[in-house]
Each structure stands twice: as structure tokens, then as C-alpha cells.
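The values are calculated or read from the model by the stated rules, or taken from the named source; none is laboratory data. Bear in mind the structure is a predicted one, so any value in this text is a computation, not a measurement.
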Amino acid sequence: MRPVDADEAQEPELDGERVRSPALAAGRRDVSALEREHVRAHLRARRRLQEIERLLDAIHSEVEASEARALDPARSPGAEAEERVVKLCEKVEKKAAEAALMGKRIVEIHQQIDSHGCC
């Protein structure tokens, strides 16, 4: 028998490694694919969280603006409507006063006509 060479001792392991090599390569590819998908999922989740954060900021700004309008009645839409109603009421009162004046004049003219006895 011949003594076992160091190269010969390594050859069976290399053959086993070559046999396992396609399986290892496939496993490594699977692990790499899973790692990439994990990173993509993390980035998608992060983008969604950032979008939600932007929406919450927008809602927060709207709420603050709404509170400011509620605290400042002169600037609120309800106050503007109230001002318009007050102005319209003033116009109506003026028109009513004018109508009352015209009614008095008509009554005076009618009384004058009756007192002269023309008709």
C-alpha cells in the first residue's frame, strides 16, 4: 500500500464539496434573495410610515388652523356669515323705514285729496 498523500486526502472532501456546491449555491442564492426582499419590505414599510407621518402632519395643521379660527370669531366663517346677516338686516331696516315714509306720504296725499274734495 502506498502512503496517503495530503492531496489525495483532500480530494474526497473536494468531491463532496463539489457535490454539495450546487445545493450550497442555491441556498446562498435563496438567502440573498430573502435578504434583498427583507430590505425591500423594510423600505416599503418606511415609505408608508413617512407617508402616514406627512398625512398626520397635514391633519395636525388643519386642526390647529381650525382651532385658531374658532378662537378668533372675527375671522371664522360663521362670523363672516354673521356680519353679512347684520349688514342685510341693516339694509332691510333702511328699506322698511323708507317704505314707512312713503306710506306716510301716500296717506298725507290721500288726506289732502279728501280735504279738497276733488273726487
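A few notes on this one:
- Flag for residue 62 being at pLDDT below 85 and under 25 Å from the mean Cα position of the chain (by Cα): yes
Condition check ((1) modelled with pLDDT under 85; (2) of a type outside the set (D, E, K, R); (3) in a helix (DSSP H, G or I)) across all residues:
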residue: 78; (1), (2), (3): yes, yes, yes
residue: 84; (1), (2), (3): yes, no, yes
residue: 87; (1), (2), (3): no, no, yes
residue: 91; (1), (2), (3): no, no, yes
residue: 111; (1), (2), (3): yes, yes, yes
residue: 118; (1), (2), (3): yes, yes, no
